[in-house]
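Colleague: Quick one: this structure, given as structure tokens, is what I'll be asking you about.
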Amino acid sequence: MGKTHSKLSSEALTELQSSTKFERKEIQQWHKGFLKDCPSGELNRTDFKGIYKQFFPFGDPSRFADYIFEVFDRNHNGTIDFAEFLQALSITSRGTSEEKLKWAFELYDINGDGHITKDEMLKIVDAIYRMVGSMVQLPEDEDTPEKRVDKIFHLMDNNSDGRIDMAEFKEGSHRDPLIMQALNLYDGLI
């Protein structure tokens, strides 16, 4: 996608239709809004963090926004273009449970080696806890990021090797209602 295109080409529209769960008109509407907010056609990390700050004014969403940014920025060029934005939005808002689980796994697998370590999970969970601040009252067995990570690893790390692979993540997520609820948070909203 060009940085200054104010209108999507027919080819770009067709490609986005086939790679997302959005209809042609929806793609055009999202593109118009994206260009309004990002006239350059790209969303940088600082502006992305600003968007998260608007939604979580009572916490500190900056670290979590950094991790989400990395998953949105598929080509790792330091910006999110419209196609990357729409593809991530499609998965998180209209994707199947399997697609959402794969996307979430990529979020937690910070180094991209195909496994989630306790340290990686702790970084994400800590970022989430910082983001929501004191807005959410947590049960005692999950009131710290460390307790939540221990609980998740107990549930998911079937072979007790200290890391979770995709199969363990999928299986464990289906057994934890909070994870599936979080993955389906945006269903029907977009």
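Colleague: Specify the residue that is most open to solvent (accessible area, probe 1.4 Å); the eligible residues are those in the stretch 62-84 that are among the small types (Gly, Ala, Ser) and outside any loop (DSSP other than H, G, I, E, B).
Modeller: Taking the candidates together, the pick is 62.
Colleague: Restricting to the stretch 29-61, name every residue that is hydrophobic (A, V, I, L, M, F, W, C) and either open to solvent by less than 60 Å² (accessible area, probe 1.4 Å) or part of a loop (DSSP other than H, G, I, E, B) (or both).
Modeller: 34, 35, 38, 43, 48, 56, 58 - these are the residues of the stretch 29-61 that are hydrophobic (A, V, I, L, M, F, W, C) and either open to solvent by less than 60 Å² (accessible area, probe 1.4 Å) or part of a loop (DSSP other than H, G, I, E, B) (or both).
Colleague: Could you tell me which of the residues 47, 60, 66, 37 is out of contact with any Leu (no Cβ under 6 Å at 6 or more places or on another chain), under 28 Å from residue 111 (Cβ atoms) and without any contact (Cβ under 8 Å) to a residue 12 or more places away in the chain?
Modeller: 47
Colleague: Among the residues of the stretch 1-28, write down those that are of a type in the set (Gly, Ala, Ser) and buried (at least 16 other Cβ atoms within 10 Å of the Cβ).
Modeller: Of everything in the stretch 1-28, just one residue is of a type in the set (Gly, Ala, Ser) and buried (at least 16 other Cβ atoms within 10 Å of the Cβ), namely 12.
The values are calculated or read from the model by the stated rules, or taken from the named source; none is laboratory data. The model shown is predicted, which means the values in this text are computed figures rather than measured ones. Reconstructed Cβ throughout: ideal geometry from the backbone, glycine too, with neighbour counts over all protein chains shown. Note: areas computed on protein heavy atoms with side chains; ligands, DNA, RNA excluded. Shrake-Rupley method; radii C 1.70, N 1.55, O 1.52, S 1.80 Å.
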